[in-house]
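J.: Structure in structure tokens, see below.
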Protein chains: 2
Amino acid sequence: MKLIALYKRPNDLQAFEQAYFNTHLPLMNKVPGLRKTVITRFTRTLMGDDFFMMAEMYFTDSSALKAGLKSPEMAAAGENLNGFAAGLVTLLVGEEQEQPMTTNL
Amino acid sequence: MKLIALYKRPNDLQAFEQAYFNTHLPLMNKVPGLRKTVITRFTRTLMGDDFFMMAEMYFTDSSALKAGLKSPEMAAAGENLNGFAAGLVTLLVGEEQEQPMTTNL
């Protein structure tokens, strides 16, 4: 189970990156149950919305994610996020599954 | 290097899923250089845009992805996509990096 944050392109990329990596990520890393975070930097938008970055935050399972979302550490991270990414962020919960490469499903 | 497709929630979920998994995914699996595809089904939208699904399509490197994007197999997959997901899809290119869990960066 993972929490996914999609960020639209900010006006000031450098200020955003500094805030994200120097203040937000360390706060997120304190959230109980978080196993790992994978950052994707988007380099091209081929179609649709112009997103800048995605963070995929993995929790062991659905109950670990629920507990993490309700934690005071998450509240602190959310408050921090509002300070630099209000209006830029889409926040989703999801489950991932690798697909078989066969072309005969 | 990966190609990321984000899908907004379609009106007819069942028709979308059938088209995606039965026709689009098999066409995408023919694209040269594609190593694996990871599907994320979004179960909750906590903030921002209401996306339904994400496909992360991994290629070995940037040149493999470029070649894949220019291939006739990708053109066929793109044409198929337009038939059922026009206006729903955001298509991005990105590079991912796992973050260290230390809180002292």
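The values are calculated or read from the model by the stated rules, or taken from the named source; none is laboratory data. In this text the structure is predicted, and so the values were computed from the model without any measurement. Here the Cβ positions follow ideal geometry from the backbone for every residue, glycine too, while neighbour counts run over all protein chains shown. Only protein heavy atoms, including side chains, enter the accessible area calculation; ligands, DNA and RNA are left aside. Shrake-Rupley method; radii C 1.70, N 1.55, O 1.52, S 1.80 Å.
J.: So A:L46 passes all but one of these: (1) under 23 Å from B:T40 (Cα atoms); (2) more than 10 Å from chain B (Cβ to nearest Cβ); (3) at pLDDT 95 or above; (4) open to solvent by 30 Å² or more (accessible area, probe 1.4 Å). Which condition number does it fail?
T.: (2)
J.: Can you name every residue in segment B:29-43 that is at the interface with another protein chain (Cβ under 9 Å from one of its Cβ atoms) and either surrounded by 14 or more Cβ atoms within 10 Å (Cβ to Cβ) or closer than 21 Å to A:I4 by Cβ (or both)?
T.: Once the filter is applied, which keeps residues that are at the interface with another protein chain (Cβ under 9 Å from one of its Cβ atoms) and either surrounded by 14 or more Cβ atoms within 10 Å (Cβ to Cβ) or closer than 21 Å to A:I4 by Cβ (or both), segment B:29-43 yields B:N29, B:K30, B:L34, B:K36, B:T37, B:V38, B:I39, B:T40, B:R41, B:F42, B:T43.
J.: Which condition does B:M74 not pass, out of (1) facing another protein chain (nearest Cβ under 9 Å); (2) buried (at least 19 other Cβ atoms within 10 Å of the Cβ), if it passes all the others?
T.: (1)
J.: crowded, with 17+ Cβ neighbours inside 10 Å and free of Cβ contacts under 8 Å to residues at least 40 places away in the same chain: does that describe A:F59?
T.: So A:F59 fails the test.
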